[in-house]
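Presented below is the structure to which this report refers.
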């Protein structure tokens, strides 16, 4: 998908919603199908968004998240976080929905990714200081295995406005929880700029107790 095509995409649903997860997975599958992926690669991508709003978990949905899998020469993807995918090497992230929801709408390239990560580290540090303990969000190390061919296909045109992240960002509708919260230019919540009520609200979204 070209940057011009990405710019024309419309939102399909909120971050972590079934519609958005299905659309992101389908986009990832198309990118990989367009790439030169060797048949002997076994790789998977999963993102598992914990503590999602109840409105996103209707009709018996068990997980907010999506997967993309390359196995036995086949490329598949969809809503959910299958154990079969987690068992494969690749990129596997499990993180509270509210911790990354809002900033995932921002489109960016390599430099923007670095800035977002830096802003998020500040947010995590401010939260830890506020609650008085390390890693209150229970963040786990993220597996990051990107075969060269996979990374090239998923990230094609990333710095020009394309690639899977920017496609996903273009398809993401805003979530009301962040409407009144202070954020950075890239949408990362600024914890220390929040009022006490906002801090408690934001921590509650991530199931963090004080």
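Given contacts defined as C-alpha pairs under 8 Å and at least six residues apart, what's the relative contact order of the chain, whole-number percent? Intermediate results must be reported in sequence, preceding the final value.
Details: 372 pairs, mean separation 60.7, N = 210.
Relative contact order, the chain: 29 percent.
Based on the Cβ-Cβ distance of residue 159 and residue 39, what FRET efficiency does E = 1/(1 + (r/R0)^6) give at R0 = 25 Å, to the nearest 0.05?
On the way: r = 29 Å, r/R0 = 1.16.
Step by step, r from the Cβ atoms, then E = 0.30.
What ranking, highest mean first, results for peptides 183-190, 94-101, 146-153 when packing means the other Cβ atoms within 10 Å averaged over each residue?
Values: 183-190: 18.5, 94-101: 21.5, 146-153: 16.2.
My ranking of the peptides, most packed first, is 94-101, 183-190, 146-153.
Relative contact order of segment 103-210, please, whole-number percent, based on alpha carbon pairs below 8 angstrom and at least 6 residues apart. Numbers along the way, then the final one.
On the way: 86 pairs, mean separation 44.2, N = 108.
Rounded, it is 41 percent for segment 103-210.
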**Q.** Evaluated at q = 0.12, 0.18 Å⁻¹: base-10 log I(q)/I(0), Debye formula over Cα of the chain
**A.** -0.63, -1.38
(Q) Checking the a/c ratio against 1.5 first, then a/b against b/c, what shape does the Cα gyration tensor give for segment 1-66? (A) oblate
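Starting from 0.36 nm per residue, how many nanometres of slack lie between residue 7 and residue 111 once their C-alpha separation is accounted for?
This chain segment gains 35.5 nm when fully extended.
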Q: Compute the label zone of residue 84 within segment 39-66: residues whose backbone N is under 19 Å from the point 7 Å along Cα-to-Cβ.
A: 39-48, 62-66
Q: Provide Rg and Dmax in Å for segment 64-109, with only Cα atoms included in the calculation.
A: 12.8, 36
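I'd like the antiparallel share, as a percent to the nearest 5, of DSSP beta bridges with both residues in the chain. Intermediate results must be reported in sequence, preceding the final value.
Details: 15 of 24 bridges.
In the chain, approximately 60 percent of DSSP beta bridges are antiparallel ones.
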Q. Taking the Cα atoms only, what angle lies between the long axis of helix 110-131 and the longest principal axis of the chain, rounded to 10 degrees?
A. 40 degrees
Q: Mind pulling the angle between the C-alpha long axis of helix 18-34 and the longest principal axis of the chain? Nearest 10 degrees, somewhere in 0 to 90.
A: 40 degrees
Q: Run the quick spin-label model on residue 197 and residue 148: label points 7 Å from Cα toward the beta carbon, then report their separation in nm to one decimal.
A: 5.7 nm
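How would segment 106-210 be classified by its alpha-carbon gyration tensor: rounded, prolate or oblate, with rounded meaning a/c under 1.5 and the a/b versus b/c comparison settling the rest?
Values: a/c = 2.47, a/b = 1.69, b/c = 1.46.
Here segment 106-210 falls in the prolate category.
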(Q) As a test of the formula, what do you get for the chain when each DSSP H run with n ≥ 4 contributes -39,500 (n - 2.57) and the sum is divided by the residue count, at 222 nm and rounded to the nearest 500 deg cm²/dmol? (A) -10500 deg cm²/dmol
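Throughout, read-outs are computed from the coordinates displayed, never taken from laboratory work. Only a predicted model underlies this, so the values are computations on that prediction, with no experimental measurement involved. Counting neighbours? That spans all protein chains shown, and the Cβs are built from the backbone with ideal geometry, glycine included.
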